[in-house]
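Just so you know, all these numbers are worked out from the coordinates, no wet-lab data involved. Since we're looking at a predicted model, the values are computed, not measured. As a convention, Cβ positions derive from the backbone with ideal geometry for all residues, glycine included, and neighbour counts pool all protein chains shown.
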Amino acid sequence: MKRFGIDNPFFGFMGRVGDILILNVLFIITSIPVATMGMSLSAMYRVTLRMERKECIYIVKEYFSAWKDEWKKSTEIWVIMLASGILLTFDLMVAKDMWSLLNVAIGALTLIWGMLFAYVFAVQARFENTVKNIFKNAGYMAVRHFPFTVIMLALNGIPVACIAFGSVTMALAVPVYVAVGFSLTARINSVFLNRIFRKYISEEIENKKDYETGFPGEKEARNADHARA
């Protein structure tokens, strides 16, 4: 009868699925005002990074604690990313019928934007630093760990691809993303991100336990000196 106990792998798997569902709902609800999406992205990555390290216990409580933790920096980053993303989208729409060299330049800038987006909110969630250095470190990691960056770019780009392919693929994608899509993407990305971040965090800080926001190990080894070590 042991296989029917709470330690059964099936129940463990279902518990993880439930956590992803809850996290996705939290992300969508807290992102509805749009202005709060930066906070929501950072909070989601804080939780998924901790889930990957098996340190996350209370999804809802930890999410909202992270959501409020550094709202100012998250919002500043989001404003920069949103404004630049809108500008690039406008440029792509205008330049599509123009000379090819301009398209290449805009395409390169769009690629850089996507690379930064793949890292910047996770870096903000994991490390303590200024907004300027968060962007610098995100760009540095994106280039240095380019194979992982390509994978995360592909995962993050799935919703855009679904929209680009038309109404049918978009209709199929919407229920998936409403249910689990955003949090599942962040959860998969966190597998790669934790591997990357470990290279920049010293053994002493990685093993240190703190209670910054009331959870065991909640101190996220957020030391700026280790972001470019």
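When the alpha-carbon atoms of region 13-165 are used, the pair Rg, Dmax equals 16.6, 54 angstrom.
As a proxy for reagent exposure, Leu41, Leu153 were ordered by neighbouring Cβ count within 10 angstrom, fewest first; the result is Leu153, Leu41. Please give, to one decimal in nm, the separation of the simple spin-label points placed at Val104 and Val131, each 7 Å out from Cα toward the Cβ. A separation of 3.4 nm, rounded to one decimal place.
Please arrange Val79, Val176, Val168, Val123 by how many other C-beta atoms lie within 10 Å of their C-beta, fewest to most. Intermediate values should be presented prior to the final figure.
Numbers: Val79 12, Val176 15, Val168 9, Val123 28.
Starting with the residue having the fewest Cβ neighbours, the order is Val168, Val79, Val176, Val123.
Fewest neighbouring Cβ atoms within 10 Å first, the residues Arg198, Arg50 line up as Arg198, Arg50. Close amide-amide hydrogen proximity is noted between Cys56 and Met51, each under 5 Å apart and 5 or more residues distant or on a separate chain (H modeled in the peptide plane; Pro and chain starts excluded). Couplings 3J(HN,Hα) of region 141-149, computed from phi: 5, 4, 6, 5, 10, 4, x, 5, 4 Hz, in residue order, whole Hz [Karplus 6.51 cos²θ - 1.76 cosθ + 1.60, θ = phi - 60°; x for Gly and Pro]. Length available on full extension from Ser167 to Ile151: 0.36 nm per residue minus the Cα-Cα distance, which gives 3.2 nm.
What is the extension gain from Ile86 to Phe13, computed as 0.36 nm multiplied by their sequence separation minus the C-alpha to C-alpha distance, in nm to one decimal?
Numbers: separation 73, 0.36 × 73 = 26.28 nm, distance 3.88 nm.
Length gained between Ile86 and Phe13: 22.4 nm.
Overall dimensions of region 100-200, expressed as equivalent-ellipsoid semi-axes from the Cα gyration tensor (√(5λ), whole Å, largest first), are 25, 19, 11. For region 65-132, the normalised intensity computed at q = 0.12 Å⁻¹ comes to -0.40 (log10 of I(q)/I(0), Debye sum over alpha carbons, equal scatterers, no solvent).
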